[in-house]
1. Starting at the first residue of region 302-309, write each ³J(HN,Hα) from the Karplus equation 6.51 cos²θ - 1.76 cosθ + 1.60 with θ = phi - 60°, in whole Hz, x for Gly and Pro.
2. What nm distance separates the two modelled labels at D107 and S309, each placed 7 Å from Cα along Cα→Cβ?
3. Please find the FRET efficiency linking A268 to E191, where r is the Cβ-Cβ separation and R0 is fixed at 22 Å, and quote it to the nearest 0.05.
4. Once a ≥ b ≥ c are taken as the square roots of the eigenvalues of the Cα gyration tensor of region 1-55, is the result rounded (a/c under 1.5), prolate (a/b larger than b/c) or oblate (a/b not larger than b/c)?
5. Rounded, prolate or oblate: which fits region 50-199, taking a ≥ b ≥ c as square roots of the Cα gyration tensor eigenvalues, rounded meaning a/c under 1.5, else prolate when a/b beats b/c?
6. How large is the dipole of region 214-299 about the Cα centre if only Lys and Arg carry +1 and Asp and Glu carry -1, each at its Cβ, rounded to the nearest 20 debye?
7. Any idea how far apart A276 and D117 come out in nm if each label point goes 7 Å out from Cα toward Cβ?
8. Please give the residues of region 40-70, grouped as numeric ranges, whose backbone N is less than 20 Å from a label point set 7 Å along the Cα-to-Cβ vector of D89.
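The values are calculated or read from the model by the stated rules, or taken from the named source; none is laboratory data. Being a predicted model, the structure only gives us computed values, none of them experimental. Please note: Cβ atoms are built from the backbone with ideal geometry, for glycine as well, and neighbour counts cover all protein chains shown. Heads up: the accessible areas ignore ligands, DNA and RNA and are worked out on the full protein's heavy atoms, side chains in. Shrake-Rupley method; radii C 1.70, N 1.55, O 1.52, S 1.80 Å.
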Amino acid sequence: NEPLVSRPTDKAWILNAVGLCSDNIGGGNLADPFYERSLAIYLESGDWANASRTYQNLSDLHCSRGDLARSLQAAGQATDLARRAESKDHECNSMAYQAWAYHLQGDMDKAGRYFLDAEALEKEYDPSKSYLYSLRGIQHANHMRRQGKSDYALKVTEANLKICERNHWTNSISRCNRIMADLLADAGLQEKARESYGKALGLARSISNKGVLMETLLGRGLWHAGIMKDTAAASSDLTEALEYARAGGYRLYEADARIGLAWAHLAAGDKAAAKAEADYARRMSQEMGYYWGGKDAEEVLAEIDKQQSRQN
């Protein structure tokens, strides 16, 4: 069906919004056609800025669904169109999506360069900002944490949280609290981490964005399993996240959920179940080209081998 409006660009806006809403409520497997129809109209009408925005949404969708090559391609097209539109904001956002796609594929050099280029561009057109913010700041903080640069990740997140709270962006406030919890857990501050995970989850459950909810459940579930060794709490969080991921076709989140469940099974002493989940996640990650999923799965399998060697 076509939106009941006469102007093509209004139709495109509605189609893009339907795609975005479908993705946000957990229907990632339904969003593609709406984005594609929206994009065709924007490109036909020469609306490069909105075409860039739609490509950014497609990049995000392809990423969570595990099609990282298409995610990177869409982000590159978004960047090109943003420059054609002379939109610094869209260019900055698009480069961050390129950086995130490179990060997920394990190309840390390119990811780092694109994040830094995006950060420099943001400072150029908005000198009041010291770091990337909103989703792009969240992605940058995750990237820095994976590299062991926790101090920088914390600075980005603290600055981001202030901006998001000032603008009442609940989804980003939740994500900032979740990253803060991860960083606190890394630092050994487990009670503070528990508090931040609780804040993040409370906010995630107050909105309809399934991506935010899955990320929070995955973060807390892995913490329960890997650090706190609370298998019941871990299984509850991770199983819920896995159900959402499978229902919406979010294969990247599914791999992460299975890795967390592998740690939960291992903490409970069930090495066979742990190995089965880790092997499955490793195969999924290899198919997607998801570097971190493969690395995290290998870490679980190495721990299983180590424990088995001790018993023999």
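1. 5, 5, 4, 4, 5, 5, 5, 5
2. So the label points at D107 and S309 sit 3.5 nm apart.
3. Efficiency, rounded to the nearest 0.05: 0.40.
4. Numbers: a/c = 2.31, a/b = 1.46, b/c = 1.58.
It comes out oblate by the Cα gyration axes.
5. Prolate, because a/c is 1.5 or more and a/b exceeds b/c.
6. 160
7. 4.6
8. In region 40-70, the label zone of D89 (backbone N under 20 Å from the point 7 Å along Cα→Cβ) covers 42-43, 46-60.
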